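Visitor: Below is one structure. I have some questions about it.
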Amino acid sequence: MTAWVLGLVLASYAPQQAGSALLDPAREARVQALGKQLRCPMCQGLSIADSSSSAARAQMDKVRELVADGKSDPEIRDYFTSRYGEWALLDPPASGMNLLVWLLPLALLVGGGFAIARTMRRPVPAAEAPAPPTEAERPPSDDPYLEAVRAELRR
Amino acid sequence: MSRRGLWIGLSLAAVTAVLLFVLAKGFGRDPHEVPFQLRGKPAPDFTLRRMDTGAPVRLSELKGKPIVLNFWASWCGPCKAEHPVVTMAARRFGQDYQFFGVVFEDTEENARAFAGAPDPSFPQLIDERSRMAVDYGVTGVPETYFIDAQGILRDKVAYPIDPRTMMEKLAALKQPAGPLSEVVR
């Protein structure tokens, strides 16, 4: 059982192959920048540049190979999305279904703000509740205590 | 209800419907499942070296018989459990299908020790720097890919394959291309 559990863990995080040789500083910086944009398939929200898993290492080698071959950044991103879908991008482009995810909260915010603004601008209706009766309008009370208070207030 | 109220109600209903659609689409799938984008597309060509003879194996020269590619590594525990399933399938169905193992992110020495005596029905291929594995969209091991006789990638199993699944996938490879089963990790 222990061997099985260890095997499962090592299956994801025990690469036995060394990574490919680094390129010159300028191109290696591009490799690292691209690696930061690509999602590691075996990790939780990590980029392939930040992961030490075998799959991430293989993908970093592929990025390095494509950069060395003179491929542009969009071409390299396309290479990965054509195999892993937009899932491969840590920051998917705002288009198609993704555009809805970006626009819906904005639409709700604008709509809500509009509704609030309209409500705030609407004039408050003058005293909708009936005004309390004046002293003169009040019917006389049978309660001697209440009458005494009223007489005191009228003075 | 006034006309303005009707419009506001309809707009809110439309926004809510779109929101529900997006949420249902998002919650309806496993966020850890990596999409298999190459399904139904020509399998990427490769030239890999056989571990036993050193001879090159080119995909473009293998058309005519369905192909099963099994990616594995000696450091992968589930691969050990899966290996006999693929080996036995290769021995039993080797007349009708071509089986290949592809060593993923491993040293050749460890891979040789893992694979044991060379088996002509299940040759093992060395994938330097896992270039070919990434070309196929491999996300880890074990993974098994099924390519039909015309060189089209038909399906992928991204977990240790069991005999029943193997039989089903092999049978599907002989059928005309159509809706294929979903991949489960």
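Visitor: For B:PHE36, are the conditions met, namely being part of a strand (DSSP E or B), within 13 Å of chain A (Cβ to nearest Cβ) and surrounded by 12 or more Cβ atoms within 10 Å (Cβ to Cβ)?
Guide: Values: part of a strand (DSSP E or B): no; within 13 Å of chain A (Cβ to nearest Cβ): yes; surrounded by 12 or more Cβ atoms within 10 Å (Cβ to Cβ): yes.
Judged against the criteria, B:PHE36 is not a match.
Visitor: Then there's this: So, A:LEU109, is that one farther than 25 Å from B:LYS156 by Cβ and facing chain B (nearest Cβ under 8 Å) or not? First the steps, then the outcome.
Guide: Numbers: farther than 25 Å from B:LYS156 by Cβ: yes; facing chain B (nearest Cβ under 8 Å): no.
Taking the combined requirement at face value, the residue does not satisfy it.
Visitor: Of (1) in contact with a Cys (Cβ under 8 Å, 6 or more places away or on another chain); (2) in a strand (DSSP E or B), B:ASN70 satisfies all except one. Which?
Guide: The single condition B:ASN70 does not satisfy is (1).
Visitor: If B:GLY54 satisfies all but one of (1) part of a loop (DSSP other than H, G, I, E, B); (2) under 18 Å from the mean Cα position of the chain (by Cα); (3) more than 18 Å from B:ALA133 (Cβ to Cβ), what's the number of the condition it fails?
Guide: Every condition holds for B:GLY54 apart from (2).
Visitor: What's the number of the condition B:ASP148 fails, among (1) closer than 18 Å to A:ALA55 by Cβ; (2) at pLDDT 95 or above?
Guide: It fails just one condition, (1).
Visitor: In addition: Is it the case, given these coordinates, that B:VAL85 is touching an Asp or Glu at 6+ places or on another chain (Cβ under 6 Å), at pLDDT 95 or above and more than 10 Å from chain A (Cβ to nearest Cβ)?
Guide: On the way: touching an Asp or Glu at 6+ places or on another chain (Cβ under 6 Å): no; at pLDDT 95 or above: yes; more than 10 Å from chain A (Cβ to nearest Cβ): yes.
Criteria not met by B:VAL85.
Visitor: Which of (1) surrounded by fewer than 21 Cβ atoms within 10 Å (Cβ to Cβ); (2) touching a Lys or Arg at 6+ places or on another chain (Cβ under 6 Å) is the odd one out, the single condition B:ARG129 does not satisfy?
Guide: For B:ARG129, the exception is condition (2).
Visitor: Identify all residues within the range B:90-139 that are free of Cβ contacts under 8 Å to residues at least 60 places away in the same chain and small (Gly, Ala, Ser); write none if there are none.
Guide: Within the range B:90-139, B:ALA90, B:GLY94, B:GLY101, B:ALA113, B:GLY116, B:ALA117, B:SER121, B:SER130 qualify.
Visitor: Then there is this: Taking the conditions exactly as written (crowded, with 16+ Cβ neighbours inside 10 Å, within 11 Å of chain A (Cβ to nearest Cβ) and not aliphatic (A, V, I, L, M)), does B:GLY101 satisfy them or not? Give the steps one after another, and end with the answer.
Guide: Numbers: crowded, with 16+ Cβ neighbours inside 10 Å: yes; within 11 Å of chain A (Cβ to nearest Cβ): no; not aliphatic (A, V, I, L, M): yes.
The answer is no for B:GLY101.
Visitor: What is the one condition in (1) over 27 Å from the mean Cα position of the chain (by Cα); (2) at the interface with chain B (Cβ under 9 Å from one of its Cβ atoms) that A:SER53 does not satisfy?
Guide: Of the numbered conditions (1) over 27 Å from the mean Cα position of the chain (by Cα); (2) at the interface with chain B (Cβ under 9 Å from one of its Cβ atoms), the odd one out for A:SER53 is (1).
Visitor: Looking only at the range A:35-57, which residues are of a type in the set (A, V, I, L, M, F, W, C) and either surrounded by fewer than 23 Cβ atoms within 10 Å (Cβ to Cβ) or over 18 Å from A:LEU89 (Cβ atoms) (or both)?
Guide: As a first pass, look at the range A:35-57 and keep what is of a type in the set (A, V, I, L, M, F, W, C): A:38, A:40, A:42-43, A:46, A:48-49, A:55-56.
Within the range A:35-57, A:MET42, A:CYS43, A:LEU46, A:ALA49 meet the criteria.
Visitor: When residues of the range A:71-122 are filtered for being of a type in the set (Ser, Thr, Tyr) and either in contact with a Gly (Cβ under 8 Å, 6 or more places away or on another chain) or modelled with pLDDT under 80 (or both), how many remain?
Guide: Narrowing the range A:71-122 to residues of a type in the set (Ser, Thr, Tyr): A:72, A:79, A:81-82, A:84, A:95, A:119.
With either in contact with a Gly (Cβ under 8 Å, 6 or more places away or on another chain) or modelled with pLDDT under 80 (or both) added as a condition, the list becomes A:84, A:95.
Of the residues in that region, 2 qualify.
The values are calculated or read from the model by the stated rules, or taken from the named source; none is laboratory data. Just so it is clear, the structure is predicted and the values come from calculations on it, not from any experiment. Heads up, the Cβs are rebuilt from the backbone with ideal geometry, glycines too, and the neighbour counts pull from every protein chain shown.
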